[in-house]
Amino acid sequence: MIQSKKEGPMELFIFARFHAREGEEEAVAAAMREMLGLVRAEAGCLAIEAFRSTRDPRLFYVHSRWIDEAAFDMHAGLPHTVRFLERVRPLINDPLDVTRARPVG
């Protein structure tokens, strides 16, 4: 349930985009699969899924939902998150693109 600021913390939604370098798409997919279970086990994670574009096999997205922004900030500093980012950064050809968002209505 999403709450207003008056009622308490609001859920946070994350959209992350990864475009793999040519020939690195399977390595990116493998890193994402390994990361999903670890993130799902985090107390503040409500949901996380990884997606691959049907039109560009090198394009991936991660969508996650957190109990609040503090939970995501904690996630960002965990060892498995840091390792995942260190692993995928050399495999992607664009800077990491992560958006923090809340529903419009």
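A few comments on the model shown:
- Scan the stretch 84-104 for residues that are of a type in the set (Val, Ile, Thr), within 12 Å of ALA16 (Cβ to Cβ) and outside any helix (DSSP H, G or I) and the total you get is 3.
- Here ASP73 clears all of (1) farther than 15 Å from ARG21 by Cα; (2) touching a residue at least 40 places away in the same chain (Cβ under 8 Å); (3) surrounded by 12 or more Cβ atoms within 10 Å (Cβ to Cβ) except the condition numbered (2).
- Only one entry in ARG52, ARG65, ARG33 is basic (Lys, Arg) and out of contact with any Leu (no Cβ under 9 Å at 6 or more places or on another chain), namely ARG33.
- Residue identified as in contact (Cβ under 8 Å) with a residue 24 or more places away in the chain, surrounded by 17 or more Cβ atoms within 10 Å (Cβ to Cβ) and among the hydrophobic types (A, V, I, L, M, F, W, C) among LEU91, LEU96, LEU78: LEU91
- Top-ranked residue of the stretch 21-53 - restricted to ones that are surrounded by 13 or more Cβ atoms within 10 Å (Cβ to Cβ) and of a type in the set (Lys, Arg), ranked as farthest from LEU91 (Cα to Cα): ARG40
- The set of residues in the stretch 10-30 that are out of contact with any strand residue (DSSP E or B) (no Cβ under 9 Å at 6 or more places or on another chain) and either part of a loop (DSSP other than H, G, I, E, B) or closer than 15 Å to ASP56 by Cα (or both) comprises MET10, GLU22, GLY23.
- Test: residue in the stretch 54-66 that is of a type in the set (A, V, I, L, M), touching an Asp or Glu at 6+ places or on another chain (Cβ under 8 Å) and open to solvent by less than 40 Å² (accessible area, probe 1.4 Å): yes
- Considering the stretch 28-63, and only residues there that are of a type in the set (D, E, K, R) and over 20 Å from VAL82 (Cα atoms), the residue that is nearest to the chain's Cα centre (by Cα) turns out to be ARG52.
- With respect to the stated conditions, LEU12 fails to be modelled with pLDDT of 95 or more and surrounded by fewer than 17 Cβ atoms within 10 Å (Cβ to Cβ).
The values are calculated or read from the model by the stated rules, or taken from the named source; none is laboratory data. Everything numeric in this text was worked out from a predicted model, so none of it was measured. Reconstructed Cβ throughout: ideal geometry from the backbone, glycine too, with neighbour counts over all protein chains shown. When the accessible area is computed, the model is the full protein with side chains, heavy atoms only, and any ligands, DNA or RNA have been set aside. Shrake-Rupley method; radii C 1.70, N 1.55, O 1.52, S 1.80 Å.
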